[in-house]
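Read through the structure below, which is laid out as structure tokens, and then see the notes.
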Amino acid sequence: MKPGLEVKIGKLRLKNPVMAASGTFGEEYKDLVDINSLGAVVAKTITLKPYSGNPPPRLAETPSGMLNSIGLENKGLDDFLKNKMKFLKTLKIPVIASIAGEDESEFKELAKHLSKVKRVDAIEVNLSCPNIKGRGMIAQDAKATYRVITAVRKATSLTMIAKLSPNVTDINQIAKSAEVAGADAVTLINTILGMAVDIDTKSPVLGNVTGGLSGPAIRPIALRMVWETRNKIKIPIIGAGGIMDYKDAIEFILCGAKAIQVGTANFVNPKATTEIIDGIKRYLVRNKIRDINRLVGTLNATPGVGKVI
Ligand SMILES: Cc1cc2nc3c(=O)[nH]c(=O)nc-3n(C[C@H](O)[C@H](O)[C@H](O)COP(=O)(O)O)c2cc1C
């Protein structure tokens, strides 16, 4: 049996549900892994103008995870079009650009330009960036999320994915805002705010003091958020957060994710993405499931099972 792995996200057809997550994967992987066997790649987030990012150190290892405070460092739209696209356009799989901005007009401008680029097949809107009014992140505010996604929707007919932040009280409210504003899918989740301390210098390990936690440490939280959101929105959910192997990916799919993204695992094992694809195939064969879509959201969560009476 050759199981069907194809999934649809908006207008995008992915030959399998495994994508490389934004900011964790790029050209440097081309000799280490067969990138064209992935479902899609999400490029690192770009802004309209170059951003210098946060002061070093920007990375710290933590138990079962890592903290990063890259701070959206990037060379801006022009460099992306001139340089980064050179490699991305050689790929035979969908290329998803990732955008961030300080206000709606910046997001809109980026989406408008990227929509004209031949090999940009979809746009992921990174809402985990500071709100223009300096009050937390856009993705922490349902109204700001609505405004930004509405603006991007007006600027592009490409498949648009809203990447949400876990640093919220009610993820359903934000996911719903993104859906109502016209997002074709949501990615759950970006990193979780955290920090680490060097007790000898009595100072924070990261130059920015706080950073985003990723890796296996955040997987239970990401899974819970996918599970909580699955019935609240109709658009597909792309699961991310601590997916290290195929078993983790299957957990997300059972909880309702139609596709998944692999981030931190790429740093540990450059072949993580392709090994996950192979593992998913074997799981489907073993369980006699002909089509991955039939597995999505099939978690057997009977209320009351395991309850102490
Ligand atoms: C070093 C690093 C850089 C990242 N850069 C971005 C980025 O530019 N844009 C974005 O949306 N997410 C970025 N992320 C978040 C990841 O795409 C992903 O959502 C998150 O790390 C959770 O998945 P993981 O535990 O598999 O890494 C970054 C993560 C890491 C570790």
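The values are calculated or read from the model by the stated rules, or taken from the named source; none is laboratory data. Worth saying up front: this structure is predicted, and the values here are computed from it rather than measured. Glycine also receives a Cβ, built like all others from the backbone with ideal geometry; neighbour counts cover every protein chain displayed.
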task: Of the numbered conditions (1) of a type in the set (Ser, Thr, Tyr); (2) over 18 Å from the mean Cα position of the chain (by Cα); (3) within 30 Å of Arg286 (Cβ to Cβ), Thr62 fails exactly one; give the number of that condition.
output: (3)
Asp184 vs. criteria of a type in the set (Asp, Glu) and surrounded by fewer than 19 Cβ atoms within 10 Å (Cβ to Cβ): no
- prompt: When both residues are 6+ apart or on different chains and their Cβ atoms are under 7 Å apart, which pairs have a first residue that lies in region 217-236 and is closer than 14 Å to Ile250 by Cα, and a second that is in a helix (DSSP H, G or I) and more than 12 Å from the ligand (Cβ to nearest atom)?
  reply: Leu223/Glu251; Leu223/Cys255; Val226/Cys255; Trp227/Cys255
Qualifying position, being surrounded by fewer than 20 Cβ atoms within 10 Å (Cβ to Cβ), within 18 Å of the chain's Cα centre (by Cα) and either of a type outside the set (A, V, I, L, M) or closer than 21 Å to Phe267 by Cβ (or both), among Gly39, Gly10, Gly23: Gly10
query: Tell me, which residue of region 99-110 that is out of contact with any Gly (no Cβ under 8 Å at 6 or more places or on another chain) and within 15 Å of the ligand (Cβ to nearest atom) is nearest to Ile161 (Cα to Cα)?
result: Ile99
Test result for Ala60, closer than 30 Å to Lys154 by Cβ and small (Gly, Ala, Ser): no
Any pair with Cβ under 7 angstrom, 6 or more apart, that starts in region 23-48 at a residue that is under 12 Å from Glu124 (Cα atoms) and ends at one that is among the polar types (S, T, N, Q) and outside any strand (DSSP E or B): Val42/Ser22; Ala43/Ser22; Lys44/Ser22; Thr45/Ser22
query: Just to be sure, is Ile123 touching a Leu at 6+ places or on another chain (Cβ under 9 Å) and either modelled with pLDDT of 95 or more or assigned to a strand (DSSP E or B) (or both)?
result: yes
message: With the requirement that a residue be polar (S, T, N, Q) and in a helix (DSSP H, G or I), what does region 166-200 give you?
response: Asn172, Gln173, Ser177
- prompt: Right, Lys8: at pLDDT 95 or above, of a type in the set (Lys, Arg), more than 16 Å from the ligand (Cβ to nearest atom) and in a strand (DSSP E or B) or not?
  reply: yes
field: Tally of residues being over 12 Å from Leu114 (Cα atoms) and part of a helix (DSSP H, G or I) across region 144-161
entry: 10
